[in-house]
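Beneath this line is the structure, given in structure tokens, with notes to follow.
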Amino acid sequence: MCDHSLDIGGPNQAEEGTDPDLSVMLANNKRWVEHMNKEHPDFFKSIAKGQSPKYLYIGCSDSRVDPGKLTGMGIGNLFVHRNVGNQCPNDLNFLSVLEFAVGVLKVPHIIVCGHYDCGAVRNSAANQMSGLLDNWIRNIRDVHRLHEPEIREVRETEGEEAALRRLVEKNVIEQCLNIFKTSVVQARRLETSKIPVEDREYEFVTPRVHACVFDPADGILKKLDVHFKTEIEKYRHIYDLM
């Protein structure tokens with residue numbers, strides 16, 4: 001599918017600087033609509049029929065991390081949830097998104113995407129008060145606690161920035177594990193596991209969960225080398241609900 005998220009902004013966008021007001025955004029929208037109607041006449045008719053995304057993308061709210069741009073996915077391919085630090089907590093906002101994506105849209109893939117130079121991760125390691133945010137990033141501090149020996153070793157051997165990068169990765173992995181703990185994901189995976197392989201839409205049990213990290217320094221998105229099956233088996237006796 002072609003990239004329908006390309007910038008169509010003209011000279012006005014540059015003239016307004018990096019903080020355009022709403023009038024510039026609306027003008028950009030009109031240019032984008034004109035472009036899409038010219039290049040893809042049936043595009044809006046197509047997306048008006050509904051959505052059937054293959055991916056639930058869970059990422060950070062950081063303005064440098066645009067899910068559509070960094071994945072090359074156009075409109076309609078990603079069901080997106082973003083928050084500070086790409087968290088997958090037990091709050092109604094996230095759980096509602098997960099319930100709709102898995103229980104209604106039946107997405108086969110869930111991506112948790114963190115990014116290096118993450119302000120939430122950096123703040124969590126700084127031991128300073130940040131108001132209400134402290135209650136949110138405490139989840140990342142819990143990840144730090146779980147992996148403290150490894151992160152401390154990285155800090156001592158490779159430096160502070162390397163330790164923060166490792167914490168970014170560990171946070172993504174722990175958020176993926178949080179997804180596996182939820183009832184809606186367990187129920188859907190159990191449901192699809194009972195379908196004979198030859199009758200499945202996908203050869204694997206769904207939804208499949210992926211841990212990814214984006215590097216703003218070079219634009220590369222990578223998948224972390226983690227084997228969730230091993231982790232799931234290790235703690236199945238604690239978290240299994242079915």
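The values are calculated or read from the model by the stated rules, or taken from the named source; none is laboratory data. Worth saying up front: this structure is predicted, and the values here are computed from it rather than measured. Because the Cβ atoms are built from the backbone with ideal geometry, glycine has one as well, and the counts that use them run over all protein chains shown. Heavy atoms of the whole protein, side chains included, go into the accessibility calculation; ligands, DNA and RNA do not. Shrake-Rupley method; radii C 1.70, N 1.55, O 1.52, S 1.80 Å.
Of all residues in segment 154-171, those being in a helix (DSSP H, G or I) and more than 18 Å from Val112 (Cα to Cα) number 9. Kindly indicate whether Ile151 is assigned to a helix (DSSP H, G or I) and touching a residue at least 12 places away in the same chain (Cβ under 8 Å). When the stated conditions are applied, Ile151 passes them.
Counting only helices (runs of 4 or more DSSP H) that fall entirely inside segment 1-61 and contain at least 2 residues that are at pLDDT below 55 and surrounded by 10 or more Cβ atoms within 10 Å (Cβ to Cβ), the qualifying elements are 11-15.
Looking across segment 200-224 at every residue that is under 19 Å from the mean Cα position of the chain (by Cα) and among the β-branched types (Val, Ile, Thr), the one that is most open to solvent (accessible area, probe 1.4 Å) is identified as Ile220. Return a yes/no flag: does segment 224-239 have any residue that is in contact with a Cys (Cβ under 8 Å, 6 or more places away or on another chain) and closer than 17 Å to Cys118 by Cα. There is at least one residue in segment 224-239 that is in contact with a Cys (Cβ under 8 Å, 6 or more places away or on another chain) and closer than 17 Å to Cys118 by Cα.
The set of residues in segment 166-186 being closer than 18 Å to Leu105 by Cα and open to solvent by 40 Å² or more (accessible area, probe 1.4 Å) consists of Ser183 alone. Taken as a whole, the condition of being charged (D, E, K, R), open to solvent by less than 70 Å² (accessible area, probe 1.4 Å) and in contact with a Lys or Arg (Cβ under 8 Å, 6 or more places away or on another chain) applies to Glu150.
One residue alone among Val209, Val205 is in contact with a strand residue (DSSP E or B) (Cβ under 7 Å, 6 or more places away or on another chain), at negative phi and not in a helix (DSSP H, G or I), and that residue is Val209.
For the residues Gly85, Gly114, Gly103, the requirement of being assigned to a strand (DSSP E or B), out of contact with any His (no Cβ under 9 Å at 6 or more places or on another chain) and modelled with pLDDT of 95 or more singles out Gly114. Scanning segment 79-130 for residues that are among the β-branched types (Val, Ile, Thr) and either crowded, with 22+ Cβ neighbours inside 10 Å or touching a residue at least 40 places away in the same chain (Cβ under 8 Å) (or both) returns Val84, Val97, Val102, Val107, Ile110, Ile111, Val112, Val121.
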